[in-house]
1. H8 to Q472: extension gain in nm, 0.36 nm per residue of separation minus the Cα-Cα distance?
2. In percent, what relative contact order does the stretch 99-367 have, based on Cα pairs under 8 Å that are 6 or more apart in sequence?
3. So what's the net charge close to R233: Lys and Arg +1, Asp and Glu -1, counting the other residues with Cβ under 14 Å from its Cβ?
4. Taking 0.36 nm per residue of sequence separation and subtracting the Cα-Cα distance, how much length would be gained by fully extending the chain between Y335 and W24, in nm to one decimal?
5. Label points 7 Å out from Cα along the Cβ direction at L374 and E428: separation in nm?
6. Using θ = phi - 60° and the Karplus form 6.51 cos²θ - 1.76 cosθ + 1.60, what ³J(HN,Hα) does each residue of the stretch 257-271 get, whole Hz, x for Gly and Pro?
7. Could you tally the net charge around L101, taking each other residue with its Cβ under 14 Å from the Cβ of L101, Lys/Arg +1 and Asp/Glu -1?
8. In whole angstrom, how far apart do the alpha carbon centroids of the stretch 182-211 and the stretch 421-465 sit?
Amino acid sequence: MSEARNFHMPPEEFRKWGHSVVDWIADYQKRIETFPVLSRSNPGELRKRLPSKAPEHGEPFKSILEDIDRLILPGITHWQSPNFFAYFPANTSGPSILGELLSAGLGVQGMLWATSPACTELETHVLDWMADMVGLPDNFKSAGPGGGVIQDSASSAVLCALLAAREGATGFQTNEHGCDGKLVAYTSVHAHSSVEKAVKVAGLGRRQLRLIEADSAYAMRPDLLANQVQADRAAGLHPFFVSATLGTTSSSAFDPLPEISQVCRRENLWLHVDGAMFGPAAVCPEFRHLQRGVEAADSYAFNPHKWMFTNFDCDCFYVADRAVLIKTLSVLPEYLRNQATESGAVIDYRDWHIPLGRRFRALKLWFVIRHYGLEGLRYHIRRHVELAQVFARWVEESRDFEMTAPAPLNLVCFAHKAGNEFNRRLLERINQGGQMYITHCVLGGRYCLRFCVGQTHTEAEHVRRGWELIQQTAASLNRP
Ligand SMILES: *Cc1c(COP(=O)(O)O)cnc(C)c1O
């Protein structure tokens, strides 16, 4: 048989194109402010320009790379732009991108310790570092009864927490027999939608989720939580899980953990704490008071992929008691049996999350922490908070705008005094202009604008120009 033609990219060619791709990314970083922040692409626009069938014959890498500029860039919303103030940041950085590249280069599957010991051990170690970095108690570290794991997202983390809580509350009977329709979970009306999704995915039924009302600062009211739990118990139901938020998505409200955890202890409920956005801020000691009470949590999650210069995906998920989580998610088919697992001396992270396979995500986090050091991380997070606080002062001092929620960190919720419809038009006009991107939320029936500072390269001048643009745009719109 003659030797088959080899279609692969040889290492020397890979080296050449690898350099080109890194050059492309470096140039992108330099020219990022020349693009409209919010993509102007219309629905279906990209697909119209793509061939309807996959190519029969391989194409030169040069033309593939050229299509990034020609086809892909117009459909990109520039999350890494320093003028991106929308949603929450999903920031990244040089060391993170390089860590991600190496992870792809190694291409390992870290489902078991045995399938790449370094992938597991680096993850355990970096998450122990991280627990210290953000001031978590020792029981979340691997030497204690708990431990940390990297999840793809805070959504997956809350699902895993909910499943472990469900099994803990039912003596692992739900795993065996399915839901009995009695389990009830609790969160605040301002909690992230991922809690509702977890409840749906876990098979509880959405009616088994209670949304607890918030106080005037949009934080969950622990008295109403306690009342609702008691009412549900009296109705013969089985309360088992509370998800509290440190830094809500709408307005960065902080649910009062000390009071909520008291209710949880008294009522024997699993307390999950969602610090998706806020979490990294706790590397600064002056912001740690905001997470007071986190030591009483059964699980805690936060996202370096939001505000710690680590590209998506990277969520740090901690549990106080890993045994329940592992027993909940563990399934051991014959083909995965191995000596290391059987010895009990190693961690197999496949039992700590939903999928089997897992990427080597600890690498980029390790790079970021080592590149910046705690000093660098603190410097940039403080800087973002400082810039947001300056913006908040401008809003407070302005005649036309006002604050609509407390702004303890890097998110400012505010509104023009001319009403909801005006604010809606204002937001649309600002984002159409392409010079910056902000989003909205609704608080107490009021349409608010959100200005969140957290992009890697956002500086004082971007925030100042953003505020000027908001004022100028408002002045150019007709009042109702
Ligand atoms: C962003 C956010 C989430 C969702 O994060 P993913 O990692 O995208 O799942 C959950 N909770 C809060 C408070 C958030 O801000």
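Laboratory data are not the source of any read-out in this text; all were calculated from the coordinates shown. Remember, predicted model here, so these are calculated numbers, not experimental data. Backbone-built Cβ (ideal geometry, glycine too); neighbour counts: all protein chains shown.
1. Extra length available between H8 and Q472 comes to 161.6 nm.
2. Contact order relative to length: 29 percent.
3. +1
4. Stretched out fully, the Y335 to W24 stretch lengthens by 107.7 nm.
5. Once both label points are built, they end up 5.0 nm from each other.
6. 4, x, 6, 5, 5, 4, 4, 4, 5, 4, 9, 6, 10, 6, 9
7. +2
8. Rounded to whole Å, the Cα centres lie 30 Å apart.
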